[in-house]
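Remarks on the structure that follows.
The values are calculated or read from the model by the stated rules, or taken from the named source; none is laboratory data. Source: prediction; values computed, not measured. Neighbour counts are summed over all protein chains in view; Cβ atoms, including those assigned to glycine, are modelled from backbone coordinates with ideal geometry. These area figures cover heavy atoms from the full protein model, side chains too; ligands, DNA and RNA do not enter into them. Shrake-Rupley method; radii C 1.70, N 1.55, O 1.52, S 1.80 Å.
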Amino acid sequence: MGIHMQVIIALLLGIKRNWHIFIGLILGVLVGVFFPQELYPKAYSVLNFVAGAFINLIQMVVIPLVISAIIIGISNIGDSKQLTKFGTKMILYYGIITVIAVTLATVIAIIIKPGVNAESLIRPDISESIKEYVAGAIQYQQDNLSEIFLGLIPKNPFEVLSKGDMVPLILFVSIFAVALARCGEISRSVVAFFESIFAATMKVIDWIMYFASVGVFALTAVSVGTFGVEVFNDISKYLAAILIALGIQFFIVYPSMLKIFSKVPPTKLFAAISEAIMVAFGTASSSATLPLTITCCEKRGISNRICSFVLPLGATLNMDGTAIVQTIAVIFIAQMYGIDLTPLLLFEISLLAMIASSTCAGIPGTGLITITLIFNGIGLSAQQLVVGFTLLFTVERFVDMFRTVCNVTSDAVVAAIIADNENELDYELLSSKESADKIEKA
Ligand code: ASP
């Protein structure tokens, strides 16, 4: 049996355990398709309220969770040699996954040519002026990139905390956690304080999850019911390219990475994280799913040391699904406007997609905001590409749901690989459904 079939079966087995969330998801799709928002606006205001309440509830725990997990994760690793080793491995595996993602996306976009049929949607005189802009843009790109990187260093940690600005916040917390680890015994009480916060946050997450099936139902219904079906015709090749690339990443690249770099059976890991995958699909948010990702991975044997270090950082920095979508979207628009896609330009787009995706917060829709960084990088602005952008936005939520599934899954894949490499994975727990269930009931 092919690995992708095994992965599908594993997911279905995992879903069996979490059937209530899965039923919520399916019902949400059905309601969205058969009872669209235009016909039932009142019902949708209720659904919007429920969906918003669920998202708010899970986002409520994200900041305490991220801060406490990173502080525990980094200070538990303790000695600086091990920290460097774990950190290097994390960057290496996240890097490999993202490089594969953008390469795959570029190849698929070149083969499928999603923008070629969409040319008719824009005026030829506009595309002429755009081609000129692309030529003289290198200087512009450099200026912008340095500004973006400067913005990642927080001047005031409390300001980024209150704004929920995840990348600068994580940078500050990570530096602070390394300092705590270096301070030794004297920092013990501070770390113990964050351990209590982590434990209490996990309790709150357990309570919130009682509401998950209803929340996922409302979120899916709202997403499907609002975008309407006609839009898919105009943009069908773009969607096909994205779904194929994300599908290959999910069903082929992740299992292959697990097989090449670890002994972790892909099917076991996919079954273990199926609950997180469904919530990622419903919420379109890696950060909101993070509590679930951590719970699923820890319950199935990945040590707390690895989970609390690798997963929070991954939920903000590792966005390979987003990188795939951004690469295909930029190539789609470039093809639409008739821009000559030279190998150098393609390389530049892929590289910028790696940067743009990792500056993305793990919340819905940010992938389409940071995509402007790639356009700026190649000398274009969103205003110039307004038709292309509008098309991207029409299917944004739908695409976001799928790319977030990849973003979340790849975090768990990298956590599992590192846990295996470092002997931090309890294989008995990973394989035995009973022991996991026992823990669930405890
Ligand atoms: N929604 C994505 C995530 O949370 C980010 C994005 O691509 O917009 O992972």
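Conditions (1) at pLDDT 85 or above; (2) buried (at least 21 other Cβ atoms within 10 Å of the Cβ), marked per residue:
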{"residue": "Tyr40", "(1), (2)": "yes, no"}
{"residue": "Met60", "(1), (2)": "no, no"}
{"residue": "Ser75", "(1), (2)": "no, yes"}
{"residue": "Lys85", "(1), (2)": "no, no"}
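For Cys360, indicate whether it is in a loop (DSSP other than H, G, I, E, B), closer than 17 Å to Tyr94 by Cβ and in contact with a helix residue (DSSP H, G or I) (Cβ under 6 Å, 6 or more places away or on another chain).
Spelling it out, Cys360 is indeed in a loop (DSSP other than H, G, I, E, B), closer than 17 Å to Tyr94 by Cβ and in contact with a helix residue (DSSP H, G or I) (Cβ under 6 Å, 6 or more places away or on another chain).
Go through segment 180-279 and tell me which helices (runs of 4 or more DSSP H), entirely inside it, have 3 or more residues that are among the polar types (S, T, N, Q).
188-208, 212-227
Name the residue that is nearest to the ligand (Cβ to nearest atom), counting only residues in segment 309-355 that are aromatic (Phe, Trp, Tyr) and touching a residue at least 24 places away in the same chain (Cβ under 8 Å).
So in segment 309-355, the residues aromatic (Phe, Trp, Tyr) come out as 309, 332, 337, 347.
Within this subset, residues satisfying the condition of being touching a residue at least 24 places away in the same chain (Cβ under 8 Å) are 309, 332, 337.
Numbers: Phe309: 19, Phe332: 16, Tyr337: 23 Å.
That would be Phe332.
Residue check: is Val214 open to solvent by 10 Å² or more (accessible area, probe 1.4 Å), at pLDDT below 85 and more than 20 Å from the chain's Cα centre (by Cα)?
no
Can you tell me which of (1) in a helix (DSSP H, G or I); (2) at pLDDT 85 or above; (3) not β-branched (Val, Ile, Thr) is the one Lys155 doesn't meet?
(1)
For segment 277-308, give me each residue that is under 18 Å from Phe211 (Cβ atoms), surrounded by fewer than 24 Cβ atoms within 10 Å (Cβ to Cβ) and away from the ligand (no atom under 13 Å from the Cβ).
Residue satisfying the conditions is Thr295 alone.
Just to check your reading of the model, which residue among Thr327, Thr316, Thr295, Thr322 is polar (S, T, N, Q), farther than 22 Å from Val99 by Cβ and part of a helix (DSSP H, G or I)?
Values: Thr327 fails: farther than 22 Å from Val99 by Cβ; Thr316 fails: farther than 22 Å from Val99 by Cβ; Thr322 fails: farther than 22 Å from Val99 by Cβ.
Exactly one residue qualifies, and that residue is Thr295.
Please verify whether segment 255-276 includes one or more residues that are of a type in the set (S, T, N, Q), away from the ligand (no atom under 16 Å from the Cβ), open to solvent by less than 10 Å² (accessible area, probe 1.4 Å) and at pLDDT below 95.
For segment 255-276, residues of a type in the set (S, T, N, Q), away from the ligand (no atom under 16 Å from the Cβ), open to solvent by less than 10 Å² (accessible area, probe 1.4 Å) and at pLDDT below 95: present.
Could you say whether any residue in segment 231-253 is among the charged types (D, E, K, R), modelled with pLDDT of 90 or more and out of contact with any Phe, Trp or Tyr (no Cβ under 6 Å at 6 or more places or on another chain)? Spell out how you get there, then give the answer.
We begin by selecting, within segment 231-253, every residue among the charged types (D, E, K, R); these are 234, 237.
If we keep only those that are modelled with pLDDT of 90 or more too, we end up with none.
Scanning segment 231-253, I find no residue that is among the charged types (D, E, K, R), modelled with pLDDT of 90 or more and out of contact with any Phe, Trp or Tyr (no Cβ under 6 Å at 6 or more places or on another chain), so the answer is no.
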